[in-house]
Amino acid sequence: MLSIPVNYTVDEIPDGCCGMAGSFGYEKEHYDLSMKIGEMVLFPAVRAAEKDTIIAAPGTSCRHHIAEGTGRKTLHPAEVLYNALKTD
């Protein structure tokens, strides 16, 4: 879907989970583990992305976790598509 807009390319981060799993990562006893999972692949890849790279994730908890773990704003793929296709 995200490769539909002209001049957009998609690079998928080869990671199966951000570490949040719904509310799992918000629970005090799981927070550290959740952050460690995010640091395995996802967070370093997001931090390494150019500042103008759009980071997309479909899950609400994933977007929150990426923002918390990296400081990067993350959009839902539908938001990315909408922004790319809307006309001024």
Handout entry: Any pair with Cβ under 9 angstrom, 6 or more apart, that starts in the stretch 56-83 at a residue that is closer than 13 Å to S34 by Cβ and ends at one that is part of a loop (DSSP other than H, G, I, E, B) and charged (D, E, K, R)
Key = I66/R72; I66/K73
Practice task
Return the only residue of T87, T53 being assigned to a loop (DSSP other than H, G, I, E, B), among the β-branched types (V, I, T), modelled with pLDDT under 90 and out of contact with any helix residue (DSSP H, G or I) (no Cβ under 6 Å at 6 or more places or on another chain).
Solution key: T87
Exercise for the section: Please specify each residue of the stretch 24-36 satisfying the condition of being in a helix (DSSP H, G or I), open to solvent by 50 Å² or more (accessible area, probe 1.4 Å) and either acidic (D, E) or more than 26 Å from V10 (Cα to Cα) (or both). Expected result: F24, Y26, Y31, D32, L33
Exercise for the section: Would you tally the residues in the stretch 56-71 being in contact with a helix residue (DSSP H, G or I) (Cβ under 6 Å, 6 or more places away or on another chain) and either open to solvent by 80 Å² or more (accessible area, probe 1.4 Å) or farther than 28 Å from N83 by Cα (or both)? Expected result: 1
Exercise for the section: Check E39, E12, E50 and return the single one that is farther than 25 Å from Y82 by Cα, of a type in the set (D, E) and either without any contact (Cβ under 8 Å) to a residue 40 or more places away in the chain or crowded, with 16+ Cβ neighbours inside 10 Å (or both). Expected result: E39
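The values are calculated or read from the model by the stated rules, or taken from the named source; none is laboratory data. Fair warning: this is a prediction, and the values are worked out from it, not measured in the lab. Glycine also receives a Cβ, built like all others from the backbone with ideal geometry; neighbour counts cover every protein chain displayed. Surface areas here come from the heavy atoms of the whole protein model, side chains and all, with no ligands, DNA or RNA. Shrake-Rupley method; radii C 1.70, N 1.55, O 1.52, S 1.80 Å.
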